[in-house]
2 protein chains.
Amino acid sequence: MKVVCIGSGNVATHLANALKAKGVDLIQIWSRDLANASELAKNTNSVAISNLDEIDRSADLYIVAVKDDAIASVSDSLREINGLVVHTSGATSIDALSALKNYGVLYPLQTFSKAKPIDFANVPLCIEASNVHTLEVLRSVADMLSSPVYEVDSEKRKILHLAAVFACNFVNHLYTLSDKIVEHFELDFEMLKPLIMETALKVQTELPINVQTGPAVRDDEQTMIKHQVLLNGMPELKEIYQTLSKSIKKTHL
Amino acid sequence: MKVVCIGSGNVATHLANALKAKGVDLIQIWSRDLANASELAKNTNSVAISNLDEIDRSADLYIVAVKDDAIASVSDSLREINGLVVHTSGATSIDALSALKNYGVLYPLQTFSKAKPIDFANVPLCIEASNVHTLEVLRSVADMLSSPVYEVDSEKRKILHLAAVFACNFVNHLYTLSDKIVEHFELDFEMLKPLIMETALKVQTELPINVQTGPAVRDDEQTMIKHQVLLNGMPELKEIYQTLSKSIKKTHL
């Protein structure tokens, strides 16, 4: 299988590396910035390009892992291609590629950082395709990566993307705020790490609604008042404290 | 070492089980509800009591793991005891026990569920004591459990407790909301579990502020608007979406 990777960001990097490790022939890496393309091309024994006109028209699979608002313009430059073109965006409809012959979506429901390697066996791949054959190709890619695979249409993928904002992006921001609190009072974020791990581990086997703890779910007003006093100098954190505590009470009481 | 455990909730249960496993002689378990005390006593080869007057006065250590607002009344019934009395509360000052002879705090910075066993090697124990000898006793208890130990005074412990609300209680509530979103649209929470694990794993080695992802940190207004449209039928979640996105932008942009 000959693959062209369009993009060199977090998703592109991890997908390209994972495919390369499975013996896929990664023939080109495109990035607007040739230096970025070159870095990923070097690691995957591929060829870096920065001009969309240079894209090889003979590949079997084109992975478009660019910013959402760049998908349309990339798609324009891939017209008349016979291979399968997929984007990797959670928030973008499959229709963004509908001018193409064979198209689909390969959305990895995971958070990627360049620095941290990731095992694709732990990355749910959400696939959608313009036709049955294309769907089978995407299934075989997922199988090759040993990833759990889910067939998800564009409407439902948007929902997953939204749920991921709550379960990952907002969660990470709460980690940032807890770090801000301990730093502000000269304590060490290190102390919170086991708690963070255990909180995530717990919901691997239990439903989160069944393992809620803390002052809000106990309706412990005294503690909540004390906490808000501590946050007097941090009005933004106080607002978040109040909004989330109110929501916990509404959910549980 | 002879220990009396006062309380039979999550913290009491895990501490009592961990101490028993290390060969500590757990002589009594007290709970207001004798059935609860009996259950824990059975598992730890101890004696259940439900009357504070029955507490053995000869123990070396009394662990008061009851609700915050019950600590004062329990403390009253332990006057004149020579052994060390500690409470386990993050939000309560050591002064709540100041009428006693030897007292302190043993605050495990972790979330406990009855159903899930926990390795105390991953539980930071925050200790504070009324005198140097008492502090040494608490250090030896932490060492016995192989727990990382931190000497933390009452003011700083309150801060840690507050930070834990953000890093654990609020995080778990966001998991609950993400589950609510996927359930509402007939998707499976299972799909989000690898993302939840990876998000927690990432901050074990990186500072959370350095690994923030998602539409808010990219200032991707189009996606944020689409997400809010999806939340039109869930005003409470929409408010949380807006509050947290605003805070992410304020932190990063």
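The values are calculated or read from the model by the stated rules, or taken from the named source; none is laboratory data. All values reported here derive from a predicted model rather than from experimental measurement. Don't worry about glycine lacking a Cβ; one is built from the backbone with ideal geometry, like all the others, and counts go over all protein chains shown. Only protein heavy atoms, including side chains, enter the accessible area calculation; ligands, DNA and RNA are left aside. Shrake-Rupley method; radii C 1.70, N 1.55, O 1.52, S 1.80 Å.
So the values come out like this:
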quantity	calculated
Failed condition for A:K114, given (1) open to solvent by 40 Å² or more (accessible area, probe 1.4 Å); (2) more than 23 Å from A:V24 (Cα to Cα)	(2)
Candidates A:F166, A:F185, filtered to the one that is closer than 26 Å to A:P235 by Cβ, at pLDDT below 95 and of a type in the set (A, V, I, L, M, F, W, C)	A:F185
Test: A:V132 is out of contact with any Lys or Arg (no Cβ under 7 Å at 6 or more places or on another chain) and open to solvent by less than 10 Å² (accessible area, probe 1.4 Å)	no
Selection from region B:206-253 of residues that are small (G, A, S), at pLDDT below 95 and over 26 Å from A:H252 (Cβ atoms)	B:G214
Total residues in region A:207-219, condition open to solvent by 50 Å² or more (accessible area, probe 1.4 Å), at the interface with another protein chain (Cβ under 7 Å from one of its Cβ atoms) and part of a helix (DSSP H, G or I)	1
Search result, residues across region B:66-95 that are in a helix (DSSP H, G or I), open to solvent by 20 Å² or more (accessible area, probe 1.4 Å) and small (G, A, S)	B:A70, B:A72, B:S73
Residues satisfying the stated conditions in region A:222-245, i.e. more than 8 Å from every other protein chain (Cβ to nearest Cβ), assigned to a helix (DSSP H, G or I) and open to solvent by 80 Å² or more (accessible area, probe 1.4 Å)	A:I225, A:V229, A:P235, A:Q242
Output for region B:175-203, where each listed residue is in contact (Cβ under 8 Å) with a residue 40 or more places away in the chain and not charged (D, E, K, R)	B:L177, B:I181, B:H184
